[in-house]
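The next block holds one structure in the form of structure tokens; read it before the comments.
The values are calculated or read from the model by the stated rules, or taken from the named source; none is laboratory data. Note that this is a predicted model, so its numbers are computed, not measured. With ideal geometry, Cβ positions are generated from the backbone for all residues, glycine too; neighbour counts draw on all protein chains shown. Just the protein is used for accessible areas: all its heavy atoms, side chains included, with ligands, DNA and RNA removed. Shrake-Rupley method; radii C 1.70, N 1.55, O 1.52, S 1.80 Å.
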Amino acid sequence: MSIGTVIKGVQDIMRKDAGVDGDAQRISQLGWMLFLKILDDREKETELMRDDYVSPMPEKLRWRNWASNDEGITGDELLDFVNEEVFRKLKELQPRTEDDDLSIVIRSVFEDSYNYMKSGTLMRQVINKINEIDFNRSNDRHTFNDIYEKILKDLQSAGNAGEYYTPRAVTQFMVQMTNPQLGDRIMDPACGTGGFLTNVIEHVRNNYVNSIEDEQLLHNCLFGVEKKPMPHLLCTTNMLLHGIGVPSNIRRDNSLARPLRDYTPKDKVDVVVTNPPFGGQEEDGVEQNFPTKFQTRETADLFLVLIMKILNDGGKCAIVLPDGTLFGEGVKTRIKEKLVDECNLHTIVRLPNGVFNPYTGIRTNLLFFTKGKPTEEVWYYEHPYPEGYKSYSKTKPIRIEEFKPEKEWWENREENEHAWKVPVEDIRKNNYNLDIKNPHTVEENHGDPEELLEKYNSLTSEIEETRTLLKDELIQALESNHQ
């Protein structure tokens, strides 16, 4: 049976349970179960490699000891065990030693997780389905990566949870163009379910990891922060799935809740790749963590200020921002002034409508900049729709292959029908407006208004004359018949 069929079967079973209401709760329920199964499979692999490995999980609570037997506990006994043993004890799990980070990870996952299921019988059916996947089999693990991504896409129809998902093609392109290196401190300060970080893992592994020591260095250089419980759970699970055995650098917190002045050199990073929530407002008081001239409650704007603070000189960023940031005034103008004065904003890729459908139809842009030197010119690249497309949709998402022209252009830039450059002096003269249209696009000429009006009046007269002639002919025909 395919893994896709397994996951569909799990979701179908959950729909029968009276306690699980809607996609968001189904995904949250599936999340903590997958976390425990993936953790247990990874621990089995670790035990084969290390004779001295001791799990931080209480023995009774390990997946293998209560869930892996298809004929194991079920019904009310299973429900009571999950609620009174698994959740109660894992929410309070204490580290055994000072460096027992995995205990802290497990506790952070369960602190805000819930068991929504009311039927222990249905829960046993779900568990048995999950047991059909072996996360230590490379084929299962590889296939499940795709299935996991589908689960994350399903968040798009789960209310505001849709904000957690960025199309894989977009994250891949941003990571590839930023090109993080082994040893770089890499961060996503609004990491959602971990899409950018998993792409970083794949990119660095494929290009730079050649030893066990390299792999460990990669583990230690990844950092993510996510303030909402469900995406934090899914991100942590995603890290385990991608071989990060102790994802202790994935914190549940609000990156904006810390005063900017409290960030020190040890907090600095070399690469930031992120899609901060846009269109949202932070809670009262968060803006007080920022200098007066940058104070706003708009989330995306505050993240841009934060990123400029935490990047090392020479550090690189790729960020998704809405059109509103590009043309906005007031605080937005002051933020953009800081951006072009302190960073080299070298590239803006303008995405067409629909990339984030069905979550939002807002037009978005990919900004690439390097901290430490001011901007001299900004290159723009307008990403076109594929031939035959008028928009993107859930069934026709943007694909990584579409970014091939940008990749070929990236290192050898010349103006073309999609690419143009703007001197920073022009941007400054225009009050730091970055919303600059493609000069190579020829707008359709609808003609001179007076000529159009004249043509309209002439056409109207002709129509009226024709109507009169038809009316006269009809009257004559009727009179002839009457005679």
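Search the stretch 1-29 for residues being open to solvent by 40 Å² or more (accessible area, probe 1.4 Å), assigned to a loop (DSSP other than H, G, I, E, B) and not aliphatic (A, V, I, L, M), and hand back the single one that is farthest from Lys129 (Cα to Cα).
Out of the qualifying residues, it is Asp21.
Note down all Cβ pairs under 6 Å where the first residue falls in the stretch 322-349 and is modelled with pLDDT under 95, the second is among the hydroxyl-bearing types (Ser, Thr, Tyr) and open to solvent by less than 10 Å² (accessible area, probe 1.4 Å), and they're at least six residues apart or on different chains.
Pro322/Thr364
Any residue that is out of contact with any strand residue (DSSP E or B) (no Cβ under 6 Å at 6 or more places or on another chain) and over 20 Å from Gly245 (Cβ atoms) - is there at least one of those in the stretch 45-58? Outline the logic, then answer.
Within the stretch 45-58, the subset out of contact with any strand residue (DSSP E or B) (no Cβ under 6 Å at 6 or more places or on another chain) is 45-58.
From what's left, over 20 Å from Gly245 (Cβ atoms): none.
No, because not a single residue in the stretch 45-58 is out of contact with any strand residue (DSSP E or B) (no Cβ under 6 Å at 6 or more places or on another chain) and over 20 Å from Gly245 (Cβ atoms).
Scan the stretch 366-398 residue by residue and report those that are in a strand (DSSP E or B), under 24 Å from Trp420 (Cβ atoms) and touching an Asp or Glu at 6+ places or on another chain (Cβ under 7 Å).
So in the stretch 366-398, the residues in a strand (DSSP E or B) come out as 366-371, 377-382.
Subset that is under 24 Å from Trp420 (Cβ atoms): 366-370, 377-382.
Answer for the stretch 366-398, where residues must be in a strand (DSSP E or B), under 24 Å from Trp420 (Cβ atoms) and touching an Asp or Glu at 6+ places or on another chain (Cβ under 7 Å): just Tyr381.
Please determine whether any residue of the stretch 254-262 is of a type in the set (A, V, I, L, M), in a strand (DSSP E or B), in contact (Cβ under 8 Å) with a residue 24 or more places away in the chain and surrounded by 14 or more Cβ atoms within 10 Å (Cβ to Cβ). Please lay out each step first, then the result.
Our first condition is that a residue be of a type in the set (A, V, I, L, M); within the stretch 254-262, this holds for 256-257, 260.
Those still in the list that are in a strand (DSSP E or B) too: none.
Within the stretch 254-262, not a single residue is of a type in the set (A, V, I, L, M), in a strand (DSSP E or B), in contact (Cβ under 8 Å) with a residue 24 or more places away in the chain and surrounded by 14 or more Cβ atoms within 10 Å (Cβ to Cβ).
Testing Arg399 on (1) open to solvent by less than 60 Å² (accessible area, probe 1.4 Å); (2) of a type in the set (Lys, Arg); (3) closer than 16 Å to Arg168 by Cα, one condition comes back false. Which one is that?
Failing condition for Arg399: (1).
Among the residues of the stretch 287-309, is there at least one that is among the small types (Gly, Ala, Ser), outside any loop (DSSP other than H, G, I, E, B) and in contact (Cβ under 8 Å) with a residue 24 or more places away in the chain?
Looking only at the stretch 287-309, we keep the residues that are among the small types (Gly, Ala, Ser), and these are 300.
Filter once more, keeping what is outside any loop (DSSP other than H, G, I, E, B): 300.
Of the ones still in play, those that are also in contact (Cβ under 8 Å) with a residue 24 or more places away in the chain are 300.
The answer is yes, given that some residue of the stretch 287-309 is among the small types (Gly, Ala, Ser), outside any loop (DSSP other than H, G, I, E, B) and in contact (Cβ under 8 Å) with a residue 24 or more places away in the chain.
Return yes or no: is Ile362 farther than 21 Å from Val200 by Cβ and in a strand (DSSP E or B)? Steps first, please.
Values: farther than 21 Å from Val200 by Cβ: yes; in a strand (DSSP E or B): no.
No: the conditions fail for Ile362.
Starting from residues that are polar (S, T, N, Q) and at pLDDT below 95, keep the ones in the stretch 350-380 and report whichever is farthest from Thr166 (Cα to Cα). It would help to see each step written out before you state the result.
Narrowing the stretch 350-380 to residues polar (S, T, N, Q): 353, 357, 360, 364-365, 370, 375.
Restricting the remaining residues to those that are at pLDDT below 95 gives 353, 357, 360, 364.
Working: Asn353: 14, Asn357: 10, Thr360: 11, Thr364: 12 Å.
Step by step, filter the stretch 350-380, then rank; the result is Asn353.
If you check every pair at least six apart or on different chains, which have Cβ atoms under 8 Å apart with a residue in the stretch 85-107 that is hydroxyl-bearing (Ser, Thr, Tyr) first and a residue that is open to solvent by less than 60 Å² (accessible area, probe 1.4 Å) second?
As it stands, the answer is Ser103/Pro56; Ser103/Leu93; Ser103/Pro95, since those pairs meet every condition given.
For Leu217, state whether it is assigned to a helix (DSSP H, G or I), modelled with pLDDT of 95 or more and open to solvent by 20 Å² or more (accessible area, probe 1.4 Å). Quick ask: steps written out before the conclusion?
On the way: assigned to a helix (DSSP H, G or I): yes; modelled with pLDDT of 95 or more: yes; open to solvent by 20 Å² or more (accessible area, probe 1.4 Å): yes.
Answer is yes for this residue.
Show me the helices (runs of 4 or more DSSP H) entirely contained within the stretch 64-143 in which 2 or more residues are more than 31 Å from the chain's Cα centre (by Cα). So that I can check it myself, show each step before the final result.
Details: elements: 75-81, 101-111, 120-130.
The helices (runs of 4 or more DSSP H) meeting that bar are 75-81, 120-130.
If we scan the stretch 430-443, do we find a residue that is more than 19 Å from Thr364 (Cα to Cα) and at pLDDT below 75?
Yes, the stretch 430-443 contains at least one residue that is more than 19 Å from Thr364 (Cα to Cα) and at pLDDT below 75.
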